[in-house]
Amino acid sequence: MKNLSMILVFMVVTIIFAPAKSIFAATPSFTTLHPGQAQTINQNLTVNIVFVGFDPGTGPRDISPGEILGILPSEYRSVNRVPSAYGENSPTGLGFTYNYNLVYADVAFENAYFQYLSSIATPGPLTWAQNHYNDQHAKTLNITQNYQINGTTAEKWLGENAGPRLGVDTKKYTIFFVNWYGRSDFKFHVYIHPDEPDPDTGLNWGLLDADDTVAWGGTTADDAESGLGSLHRLWFYDFSAGPEFWAGNFDVDDQDVDGDGYADYRIPPVWEYGNTSGYRPFTDLSEDMGLLSRYVAINLLFTSSPLYKTAISPPKLPSSVQLDINLYQQDTQLNARTLLKPSYVQSKISKLQPYNTFSTEIKNARFSGRAADVFNCFASSQSCYGQTSNVLNLFGNLFIYDRDHILQFLEGDADYEIPIFIYTTTNDYASAPFIGGVADSNHADGTQSYIYIHWPRFITDFGEGLSEEVLHESGHHLGMSHPHDGYDSEGNFEYGPKGDGYFVWAGDESATIMGYMFVNGDYSQFDRDNMSRNMTCSYLTEANLILAKILASPRAGQITGLLASADQSAGNALAKYQTMNYSDAAFSAKDAYTKVLTAAGQIHVPVEKQAWPADYKSNGDSFMFDNVIDDRRSPHLMKTR
């Protein structure tokens with residue numbers, strides 16, 4: 001009996017410990033996903049640089065390809081800019097190695113292109129910038145006539161003809177440097193952008209000569225107003241256009257055109273090269289081409305670093321995002337709702353992240369009581385919260401108030417809500433320290449928080465609505481940088497359009513709502529590429545982190561098929577990414593992430609939201625936040641429109 005008892009005990013113990021092998025199948029091995037690891041994606045990119053109307057040589061308007069290549073970066077590692085400004089080590093996981101393809105357009109291409117420009121050029125008056133250029137003492141010539149050319153039309157011709165005529169694939173990132181000057185058919189000209197007037201007021205910014213440009217690019221194939229019809233990734237800079245107001249090249253006399261106390265580095269019109277009498281000697285065209293290529297086209301447009309992390313509320317990333325717009329209408333004579341078109345906003349922002357759904361909600365908020373007091377503190381640069389608000393930034397008063405009252409604004413209508421606070425005021429507030437919009441951080445670790453827009457009446461009277469401002473700041477909140485400031489990876493520094501970097505204002509001369517020009521209400525092809533690349537990496541990183549939790553569960557073997565399918569989707573994402581099919585890559589990466597998230601749910605592995613806007617939960621009458629905002633503050637990078 002004793003032996004029988006021992007046998008029975010052994011059988012019971014065997015049964016107790018057997019299920020790990022006999023009931024649950026083994027977890028799969030992964031070919032793409034890496035449990036517990038942050039995803040990294042490296043890509044070799046070819047950048048085409050096409051010279052139209054330029055030749056190699058030693059003359060003042062000739063170019064040295066070796067000098068240009070010597071300025072260009074060999075690689076780039078992008079970072080999340082605001083978290084990095086807090087001292088956090090915040091790489092995005094994305095890396096690029098560049099190969100450069102320099103192409104000289106042949107005579108046939110040049111003849112065809114310049115004849116085309118001539119055919120679409122329409123006479124126009126001299127611009128403000130051209131008249132001011134004529135007043136310069138050190139100028140080389142006088143401009144006596146001007147023509148206007150639609151920039152998107154010129155961009156489309158280059159995209160459609162570079163392939164068949166030059167063998168240049170403009171689905172790859174491509175820079176065109178153009179010079180029409182010196183030909184018998186040359187016309188002084190500027191590029192205009194009349195296709196997208198303000199959606200709220202009808203004001204056509206593209207017809208104002210302050211918004212004439214010498215460069216353009218980034219228009220998407222499906223831009224509702226001025227789409228190219230097919231995919232191209234090109235940006236052109238026409239040295240023979242202008243001069244223009246935006247990048248200040250109308251001034252060849254003065255070092256400091258914006259009066260900020262720094263000598264500005266500006267790119268002159270092509271006919272000024274060889275002139276040593278200006279505010280600086282214009283003797284190195286090749287260097288200027290290298291600077292434009294690196295610090296504008298590559299760093300700011302083609303492969304830019306995001307402002308904020310694009311993984312919002314990790315590890316449980318949202319699929320539905322709501323723009324929660326709250327209107328404080330101090331100006332009671334104006335109905336701010338007439339300055340907002342929710343359908344327009346949704347149609348534009350949905351193309352930035354087509355793998356998610358967007359909605360808008362507009363509510364009135366009372367401009368009275370404590371809310372009015374706090375805004376008045378902001379407007380008068382006083383503190384409503386003692387030293388606490390003083391150590392934040394200009395928006396400290398508003399931030400603290402909204403942090404303490406956020407449950408009055410967010411209802412849990414979507415997976416994630418972007419809190420947007422708009423103050424429309426009379427011109428009594430025109431002297432406030434800030435006018436426009438800002439996508440603020442949380443003042444703790446560089447996570448995005450609230451959007452503030454201050455809109456005095458004079459802006460409305462001029463003809464600017466709020467829809468494009470909401471799109472601009474929402475783009476920042478989702479991670480997008482300006483096209484005129486950013487990060488240089490090899491140099492490991494931030495820079496913007498002042499002093500030695502003044503010329504990077506040229507980045508705004510692209511088809512994006514993220515610049516300070518108001519001539520296009522869309523996110524450019526470059527914006528879409530950058531967002532989709534970052535989201536691909538974000539989805540795979542969060543899938544990896546959740547996967548580690550799943551594999552730590554004794555139930556992991558129950559969902560092996562789903563995990564294997566997720567791994568396959570992750571592989572598809574990386575394959576599409578490497579072929580520059582970035583949008584589809586993000587869709588596949590989200591599919592991998594969703595499958596991992598579903599697997600976690602099936603075996604009851606908890607996955608929580610983190611970012612405070614998404615942590616807000618609505619459950620009957622119960623409201624809560626999962627996280628507490630740290631009141632400790634540190635200086636941070638703040639970019640405003």
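Things worth noting here:
- For the chain, adding -39500 (n - 2.57) for each run of n ≥ 4 DSSP H residues and dividing by the number of residues yields -9500 deg cm²/dmol at 222 nm.
- Pairwise label distance in nanometres, S380 with I603, each label 7 Å out on the Cα-Cβ vector: 6.2 nm
- A Förster radius of 41 Å, combined with the Cβ-Cβ distance separating E494 from L207, puts the computed FRET efficiency at roughly 0.75.
- For a label point 7 Å along the Cα-to-beta-carbon line of A138, residues of region 216-254 with backbone N under 19 Å: 243-254
- In this structure, A552 and T426 have a Cβ-Cβ separation that, at R0 = 51 Å, corresponds to a calculated FRET efficiency of about 0.30.
- 0 to 90° range, to nearest 10: angle between helix 2-17 axis and the chain longest Cα axis: 20 degrees
- Dipole check for region 74-218: with +1 at the C-beta of Lys and Arg, -1 at the C-beta of Asp and Glu, and the Cα centre as origin, the magnitude is about 480 Debye.
- Compactness of region 235-330 - radius of gyration and Dmax, Cα, Å: 20.5, 60
- Normalising by residue count, region 458-543 has a Cα convex hull of 124 Å³ per residue.
- A crude spin-label estimate for the pair A108 and A372, with each label 7 Å from Cα along the Cβ direction, gives 7.3 nm.
- Rounded if a/c under 1.5, otherwise prolate or oblate - region 101-206, Cα gyration tensor axes: oblate
- Taking label points 7 Å from Cα along the Cα-to-Cβ direction, T560 and D413 give a separation of 4.6 nm.
- Of all accessible heavy-atom area on the chain, the percent that carbon and sulfur account for (1.4 Å): 52 percent
- Pair-distance distribution P(r) for region 539-599, from all Cα-Cα distances in 5 Å bins starting at 0: 4, 23, 30, 20, 12, 7, 3, 1 percent.
- Between region 124-201 and region 313-335, the alpha-carbon center distance in angstrom: 38 Å
- Couplings 3J(HN,Hα) of region 228-237, computed from phi: 6, x, 8, 6, 9, 10, 9, 9, 10, 10 Hz, in residue order, whole Hz [Karplus 6.51 cos²θ - 1.76 cosθ + 1.60, θ = phi - 60°; x for Gly and Pro].
- Evaluated with a Cβ-only charge set (Lys, Arg +1; Asp, Glu -1), the chain carries a dipole of roughly 2780 debye about its Cα centre, given to the nearest 20.
- Contour minus Cα-Cα distance for T388 and K363 (0.36 nm per residue): 6.1 nm
- Shown here are the Rg and Dmax of the Cα trace of the chain, at 27.6, 117 Å.
- Considering only G386, I362, S305, the residue lying farthest towards the positive end of the dipole of region 295-407 is S305, judged by Cα position with unit charges set on Cβ.
- Here's the picture: charge each Lys and Arg Cβ at +1 and each Asp and Glu Cβ at -1 in the chain, and of M535, V252, F375 the one pushed furthest to the positive end of that dipole is M535.
- Ellipsoid fit via the Cα gyration tensor, region 158-276: semi-axes of 27, 22, 14 Å, each the root of five times an eigenvalue, largest first.
- Volume per residue that the Cα convex hull of region 337-478 spans, once the total is divided by residue count, Å³: 116 Å³
- Förster-model FRET efficiency, 35 Å R0, D254 and S230, C-beta, rounded to 0.05: 0.20
- Counting only heavy atoms of the protein chains and using a 1.4 Å probe, R61 has close to 90 Å² of accessible surface.
- Partnerless cysteines in the chain, where a partner means another cysteine C-beta under 4.7 angstrom, comprise C537.
- Cα pair distances of region 297-379 binned at 5 Å [whole percent]: 3, 10, 14, 15, 15, 16, 14, 9, 3, 0
The values are calculated or read from the model by the stated rules, or taken from the named source; none is laboratory data. Not measured: the values here are computed from a predicted model. Counting neighbours? That spans all protein chains shown, and the Cβs are built from the backbone with ideal geometry, glycine included. Calculation scope for accessible area: heavy atoms of the full protein, side chains included, ligands and nucleic acids excluded. Shrake-Rupley method; radii C 1.70, N 1.55, O 1.52, S 1.80 Å.
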